[in-house]
Amino acid sequence: MPAPPKHRRDQWEKIKAGGLPRFVLAGALRRAIPMTIAVVVVLEIFEGGTFTNERLASAAFLGRVAMVFSVFLAGGAISSFARWKSHEALYGSDAST
């Protein structure tokens, strides 16, 4: 297998210096925020199509937002962790956790 390009290795070193928790959190939020907005808007349109203040402040709406955000946050965290491990395997690592 050919060696990865040097500029990508340099990028990885900068990312790695930030640490795993930061990488996972940033990746999870990058996935959760836009996906939550998109899915909640689609769900609201299919359910009733109105975005009144009362509806947006209701417990049902806030519960849906919390559930959708949680699912995408967890998925984003898992995906980011897998991406971190993939980069460690590709560019070498001194730890195997």
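The values are calculated or read from the model by the stated rules, or taken from the named source; none is laboratory data. Keep in mind that this is a model prediction, so the values were computed, not measured. Every residue, glycine as well, gets a Cβ built from its backbone with ideal geometry; the counts of neighbours run over all protein chains shown. Protein only, heavy atoms only, side chains kept; ligands, DNA and RNA dropped before computing areas. Shrake-Rupley method; radii C 1.70, N 1.55, O 1.52, S 1.80 Å.
Add +1 for every Lys or Arg and -1 for every Asp or Glu among the other residues with Cβ under 12 Å from the Cβ of residue 20, and state the total. Walk me through the numbers on the way to the answer.
Values: positive: 16, 22, 83, 85; negative: 88.
Taking every other residue near residue 20 into account, the sum is +3.
Taking just the C-alpha trace of the chain, give me its Rg and Dmax in Å.
Values for the chain (Cα only, Rg and Dmax): 18.7, 59 Å.
What does the net charge come to around residue 38 if you take all other residues with beta carbon closer than 14 Å to its beta carbon, with K and R at +1 and D and E at -1? Kindly include the intermediate steps, with their values, before the conclusion.
Numbers: positive: 30, 31, 64; negative: 44.
Net local charge, residue 38 excluded: +2.
Ordering 87, 7 by accessible area with a probe of 1.4 Å, largest first, what comes out?
Putting 87, 7 in descending order of accessible area: 7, 87.
What ³J(HN,Hα) values, in whole Hz, does the Karplus curve 6.51 cos²θ - 1.76 cosθ + 1.60 give for region 76-86 when θ = phi - 60°, with x put for Gly and Pro?
Result, rounded to whole Hz: x, 5, 5, 5, 5, 5, 5, 5, 4, 5, 5.
So for the chain, averaging the separation of alpha carbon pairs under 8 Å that are six or more residues apart and normalising by length, what relative contact order in percent results? Mind showing how you got there, number by number?
Working: 56 pairs, mean separation 44.5, N = 97.
Result for the chain is 46 percent.
Which of the chymotrypsin sites (Phe, Trp or Tyr not before Pro) across region 9-65 are loop residues per DSSP, with 14 or fewer other Cβ within 10 Å?
Numbers: sites: 12, 23, 46, 51, 61; in loops: 51.
Passing both the DSSP loop test and the Cβ count: 51.
With n ≥ 4 as the cut-off for DSSP H runs, can you work out [θ] at 222 nm for the chain, using -39500 (n - 2.57) per run divided by the number of residues, rounded to the nearest 500? Walk me through the numbers on the way to the answer.
Numbers: 4 runs with 78 residues, N = 97.
Taken over the chain, the calculation gives -27500 deg cm²/dmol.
About the Cα centre of the chain, how large is the charge dipole given +1 on each Lys and Arg Cβ and -1 on each Asp and Glu Cβ? Please answer in debye to the nearest 20.
So the magnitude is around 380 debye.
Taking +1 at the Cβ of each Lys and Arg and -1 at the Cβ of each Asp and Glu, which of 51, 89, 74 sits farthest along the dipole of the chain towards its positive end, judged by Cα position relative to the Cα centre?
89
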